[in-house]
Amino acid sequence: MKGLSIVKQISVCSDGVEFVSFSPNSQLLVGCGETAKLYSCQEELVEVGRFEEHVGGVKHGEFSADGSLFATCSSDKTAVIYSLRSQSVTHRLEHHNFGVSYVLFSPDSQIVCTCSWDNTAVLCPLWNGQGNVTLSGHRNPITCADFNSKNQLATSSWDKTIRLWDIERGISCPMTGHGDVVWSVSFNPISPHILASVSRDLTTAIWDTRMAGRVACLSDVPVNMNCINFSPDGTKLVSGGSTSTLLLRETSNLGHVMRHTSGHKGRITSLSFTGCSRYMASAGSGGFVNVWDTCQLNDDVDKLSNLLNCTAVFGQ
């Protein structure tokens, strides 16, 4: 199996990097310690903002789909929403009893979902004045969540289950099949009924939400995978593991691993694709962020020229 090409490596901090997220307009957000850092990708990966609104370790961060906002969450029980243009705080969300493990925006950028170690997820409308909606159903802390374009939300948990939520009605159904903690979930943006998950049981599962059931179980690489992401064009599925392993698969042939590489020291904590689906960033416990070329269409991988050529189509 061939290795991926590193376009750029960023030394973020001496501690582990908790998350990495690309925006639709070529910004890169990373989190380390109690700080979130914003990088511009226009000419070089240059730090353009630093945010220290939390008093506990940041756990996750993400951009809104329209690129106007970004959010961070922390073990300090809060999530903070920022304007990308002004780099100022627009909302501070304080409604959980324990640390907030994950935060994400709805596809229309109108709702923020926060997930917590208090076993709940909360839907927070940002602009219309409606009240928050608390989603209760998991028996243990929630680890991750993802929206699809069908007004559904999937949450994963230490209770070994995934819950599929109808966000309009606030009801859910459990999806069982993993034998240990479910670390991460991701919907396919092109086929929104398809969901992927990774678990401490060393398997990757593919689910069809129309039947709320598992349709495939991938255990060809026995590694504890921590995170999983579909590419925006729906053609790739990448997962990152506790042994610094990255697996890249084509969704047309999930049983075959396209790439299997090791480019981090320690576990991989987070993954994010650019909007054009060619480039991917990975964060690791060793304090680095790597930007990868998943297609290897150009031999010049020492500079950001390939990444910059993708900038015009980040949002596509």
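Key figures
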| read-out | value |
| --- | --- |
| Residue, modelled with the highest pLDDT, within the range 209-252, restricted to residues that are open to solvent by 30 Å² or more (accessible area, probe 1.4 Å) and assigned to a strand (DSSP E or B) | 229 |
| Residue satisfying all of: in the range 59-89; under 17 Å from residue 18 (Cβ atoms) and among the charged types (D, E, K, R); surrounded by the fewest Cβ atoms within 10 Å (Cβ to Cβ) among these | 76 |
| Any hit, the range 182-205, residues being within 26 Å of residue 131 (Cα to Cα) and open to solvent by 20 Å² or more (accessible area, probe 1.4 Å) | no |
| Counted residues, the range 132-145 - those being part of a strand (DSSP E or B) and either open to solvent by 50 Å² or more (accessible area, probe 1.4 Å) or farther than 23 Å from residue 34 by Cβ (or both) | 4 |
| Residue within the range 94-106 that is more than 19 Å from residue 33 (Cα to Cα) and among the hydrophobic types (A, V, I, L, M, F, W, C) present | yes |
| Total residues in the range 289-299, condition at pLDDT 90 or above and farther than 15 Å from residue 259 by Cβ | 1 |
| Members of the range 54-88 that are without any contact (Cβ under 8 Å) to a residue 12 or more places away in the chain and either closer than 17 Å to residue 100 by Cβ or part of a strand (DSSP E or B) (or both) | none |
| Neighbours by Cβ (under 6 Å, 6+ apart or cross-chain): first from the range 195-219, farther than 21 Å from residue 142 by Cβ; second of a type in the set (Ser, Thr, Tyr) | 217/203; 218/204; 219/203 |
| Test set (1) open to solvent by less than 20 Å² (accessible area, probe 1.4 Å); (2) of a type in the set (Lys, Arg); (3) at pLDDT 95 or above - residue 160 fails condition number | (1) |
| Pairs, first open to solvent by 10 Å² or more (accessible area, probe 1.4 Å) in the range 90-117, second among the aliphatic types (A, V, I, L, M) and not in a strand (DSSP E or B), C-beta under 8 Å, six or more apart | 90/126; 91/126; 105/65; 107/65; 108/65; 110/126; 111/126; 111/167 |
| Which listed residue, of 112, 122, is closer than 13 Å to residue 72 by Cβ, assigned to a strand (DSSP E or B) and in contact with a His (Cβ under 8 Å, 6 or more places away or on another chain) | 112 |
| Residues that are surrounded by fewer than 20 Cβ atoms within 10 Å (Cβ to Cβ), of a type in the set (Gly, Ala, Ser) and touching a strand residue (DSSP E or B) at 6+ places or on another chain (Cβ under 9 Å), drawn from the range 118-131 | 131 |
| Selection from the range 253-279 of residues that are of a type in the set (A, V, I, L, M) and crowded, with 22+ Cβ neighbours inside 10 Å | 268, 271 |
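The values are calculated or read from the model by the stated rules, or taken from the named source; none is laboratory data. Computed from a predicted structure; not experimentally measured. Here the Cβ is made from the backbone with ideal geometry for all residues, glycine too, and neighbour counts use every protein chain on show. These accessible areas exclude ligands, DNA and RNA; they are computed on the full protein's heavy atoms, side chains included. Shrake-Rupley method; radii C 1.70, N 1.55, O 1.52, S 1.80 Å.
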